[in-house]
Amino acid sequence: MLFGWKGTTHIMASANGVASLQGKRPLFSFGVIADVQYADIPDGHSFIGIPRYYRHSLLVLQRAVQKWNNHQKIKFVMNFGDIVDGHCPKDQSIDVVREVVNEFEKFNGPVYHMIGNHCLYNLPRDKLLPLLNIPSIDGLAYYDFSPIPEYRFVVLDGYDISAIGWPQDHPNSLEALKILREKNPNTEKNSPDGLVGMDRRFLMYNGAVGKEQLEWLDGVLQDATKLKQQVVVCCHLPLDPGLTSREAILWNYDEVMDVIHRYNCVKVCLAGHDHQGGHSVDSHGIHHRVLEAALECPPGTDAFGYIDVYENRLSLVGTDQLQSTDMCFNP
């Protein structure tokens, strides 16, 4: 029983007409939520005027955890970053992050986090990563895991090269500031004014995947290919310009996708950050799905879900603002 989730019936075309796949059991299922951005402050708006419900977002997370636990077959949960908002008073940051992490830990299974820009507005990486239980070497926040032998999940650190989160004199911070100086002439480096086309991504609230991480990704995908694993890539920042606003994409999405496109093992890329969400299929047949934000749910509505994983598709079952999506591919 799916406890009232929308999108519980999945229909897809087959060679014999239309076949219902409702009765086929998934290999496993996992929960998803993005951009909780909780803060104990009154409701506000984004810089373009979209309402944000800072206190309600914690209730969305609490309802998500309850649903995931009630479902009983959710193997793990993926949090796509930004668990706390940048407007959170800084003297409360560490307590608020702990509060939200504690809500996630009420889920009866593993929770995998990734870092977002709002996380880094509140806490430096050396304080943030231990709170999120991210397996970290030298402050890096990328890793991979295999819930079953047939599948591997790759979690990218989209703020590896970033002007936020690192000490000001750290090489990764200095490299990010150099990129921003070269690509964004505005005094306010979060402003895209005057930037044209894909250059609008060069904003301080975005970041890049560094050279070592690109080499690591290449090695992981080589290994997954040898093991005949299907791969799901997860990152706070979206990787496909056909899917998202120019202002929300990874600085070097093209370099990352060049690595991914060398292999046939990556089937789906999942992301947060761009709160309106979206779905696209790129030139190599890889599905890209950006998840709608929990933060922008009006009181009483939700944006979370779970993904049923099959041999040849991922089926996202969403609630309210999180759109259900079938992502079919050749295994």
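The values are calculated or read from the model by the stated rules, or taken from the named source; none is laboratory data. All values derive from a computational prediction rather than experimental measurement. Backbone-built Cβ (ideal geometry, glycine too); neighbour counts: all protein chains shown. The protein model used for the area step is the full one, side chains on, heavy atoms only, and it has no ligands, DNA or RNA in it. Shrake-Rupley method; radii C 1.70, N 1.55, O 1.52, S 1.80 Å.
Give me the pairs, please: first residue somewhere in region 263-284 and at pLDDT below 95, second residue anywhere and buried (at least 16 other Cβ atoms within 10 Å of the Cβ) and of a type in the set (Ser, Thr, Tyr), beta-carbon distance under 6 Å, and either six or more positions apart or on two chains.
none
If you go through region 119-173 one residue at a time, how many are under 20 Å from the mean Cα position of the chain (by Cα) and closer than 30 Å to PHE28 by Cβ?
We begin by selecting, within region 119-173, every residue under 20 Å from the mean Cα position of the chain (by Cα); these are 119-125, 128-136, 139-147, 151-165.
Still in the running and closer than 30 Å to PHE28 by Cβ: 119, 128-136, 140-147, 151-160.
Final tally of qualifying residues: 28.
Among the candidates LEU156, LEU140, single out the residue that is in contact with a helix residue (DSSP H, G or I) (Cβ under 8 Å, 6 or more places away or on another chain) and modelled with pLDDT under 95.
Only one candidate passes the filter, namely LEU140.
Does region 103-115 contain at least one residue that is outside any helix (DSSP H, G or I), modelled with pLDDT of 95 or more, surrounded by 15 or more Cβ atoms within 10 Å (Cβ to Cβ) and among the hydroxyl-bearing types (Ser, Thr, Tyr)?
Yes; the residues of region 103-115 include at least one that is outside any helix (DSSP H, G or I), modelled with pLDDT of 95 or more, surrounded by 15 or more Cβ atoms within 10 Å (Cβ to Cβ) and among the hydroxyl-bearing types (Ser, Thr, Tyr).
Looking at region 275-291 only, could you name the residues that are assigned to a loop (DSSP other than H, G, I, E, B) and within 26 Å of ARG25 (Cα to Cα)?
Across region 275-291, the qualifying residues are GLY285, ILE286, LEU291.
For GLY219, are the conditions met, namely being of a type in the set (Gly, Ala, Ser), touching a residue at least 40 places away in the same chain (Cβ under 8 Å) and open to solvent by 30 Å² or more (accessible area, probe 1.4 Å)?
On the way: of a type in the set (Gly, Ala, Ser): yes; touching a residue at least 40 places away in the same chain (Cβ under 8 Å): no; open to solvent by 30 Å² or more (accessible area, probe 1.4 Å): yes.
The answer is no for GLY219.
Could you look through region 222-250, keep only residues that are outside any loop (DSSP other than H, G, I, E, B), open to solvent by 30 Å² or more (accessible area, probe 1.4 Å) and in contact with a helix residue (DSSP H, G or I) (Cβ under 9 Å, 6 or more places away or on another chain), and pick out the one that is modelled with the lowest pLDDT? Before you say what the answer is, go through the steps one by one.
Let us first name the residues in region 222-250 that are outside any loop (DSSP other than H, G, I, E, B), namely 222-226, 230-235, 246-248.
Restricting the remaining residues to those that are open to solvent by 30 Å² or more (accessible area, probe 1.4 Å) gives 222-223, 225-226, 246-247.
Now restrict to residues that are in contact with a helix residue (DSSP H, G or I) (Cβ under 9 Å, 6 or more places away or on another chain): 246-247.
Values: ARG246: 92, GLU247: 95.
Among those residues, the one meeting the criterion is ARG246.
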